[in-house]
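The values are calculated or read from the model by the stated rules, or taken from the named source; none is laboratory data. Remember, it's a predicted structure, so these values are computed and weren't measured experimentally. Here the Cβ is made from the backbone with ideal geometry for all residues, glycine too, and neighbour counts use every protein chain on show.
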Amino acid sequence: MKEHDAIPYSLPDLTDEERIERASAFRDKIKQRRTCRYFSDETIPREVIEAAIEAGGTAPNGANHQPWHFAVISSPEIKRAIREAAEEEERAFYAGKASDEWLEALSPLGTDPDKPFLETAPWLIVVFAQRKGGIEEDGKTQNYYVNESVGIACGMLITCLHEAGCATLTHTPSPMGFLRNICGRPEYEKPMMIVVVGKPEEGATVPTHAVRKKPLEQIASWL
Ligand code: IYR
């Protein structure tokens with residue numbers, strides 16, 4: 001390791017038993033997260049959203065350029081504009097733009113072009129990936145591993161929101177260039193997803209299909 005400006009770093013020295021216990025307990029907790037498509041209009045404090053974005057903003061990322069921007073929307077007018085534009089794209093998607101194979105893959109989820117949650121949920125977090133900008137956000141400096149960095153940040157964001165007892169939905173209208181205009185973001189930022197946040201509507205359900213997770217033996221190999 002080359003010499004670099006440095007500060008000390010250490011972590012609590014847990015026993016093996018404590019590590020196993022903590023990892024398993026966290027797994028059991030995060031297993032309860034589901035993609036929710038039925039939101040109540042009840043509010044969630046802004047401080048929860050702020051903390052979750054700060055949690056996402058600690059994600060490991062390329063050269064510490066932190067190539068993300070979170071546009072947070074609670075305005076009913078802007079939510080309506082996003083819903084209208086998203087539904088227009090989705091109507092084209094479901095009416096023929098998507099391949100039959102894709103629509104078949106989606107059928108157990110029961111999704112369709114109607115996206116009422118974009119208006120009902122109290123918060124929409126539109127996540128942008130900054131292709132350029134560096135840590136100073138100068139719009140010029142090259143950024144690195146942008147998709148990977150923003151993907152990890154989104155994972156940490158929704159994990160924090162789950163910990164705070166919030167329902168989340170990662171929504172990806174396609175194409176989603178309209179989000180850049182609605183949110184007033186620069187051309188070098190690419191919209192990645194809308195994270196819908198709120199409380200599940202009373203009587204909300206999730207598709208059985210989504211509950212089945214691949215077992216460890218299938219998703220891991222040990223070499
Ligand atoms: N964006 C569409 C379609 C869709 C695609 C995938 I892949 C999903 O996992 C879920 C939905 C929609 O939101 O309906």
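The set of residues in the range 144-193 being part of a loop (DSSP other than H, G, I, E, B), more than 15 Å from residue 71 (Cβ to Cβ) and in contact with a helix residue (DSSP H, G or I) (Cβ under 7 Å, 6 or more places away or on another chain) consists of 144, 145, 164, 166, 174, 175. Here the range 88-143 is the region considered, the condition is being within 16 Å of the ligand (Cβ to nearest atom), of a type in the set (A, V, I, L, M) and part of a loop (DSSP other than H, G, I, E, B), and the residue that is farthest from residue 185 (Cα to Cα) is 98. Beta carbons closer than 6 Å, at least 6 apart along the sequence or on distinct chains, pair a first residue in the range 161-175 that is polar (S, T, N, Q) with a second that is away from the ligand (no atom under 14 Å from the Cβ) and part of a strand (DSSP E or B) for 168/197.
Just so you know, in the range 75-90 the residues that are of a type outside the set (Lys, Arg) and loosely packed, with under 15 Cβ neighbours inside 10 Å include one that is farthest from residue 122 (Cα to Cα), and it is 88.
Evaluation of residue 96 against the conditions (1) at pLDDT 95 or above; (2) more than 20 Å from the chain's Cα centre (by Cα) shows that the sole unmet condition is (1).
Only residues that are crowded, with 17+ Cβ neighbours inside 10 Å and in contact with a helix residue (DSSP H, G or I) (Cβ under 6 Å, 6 or more places away or on another chain) were counted in the range 40-55, giving 2.
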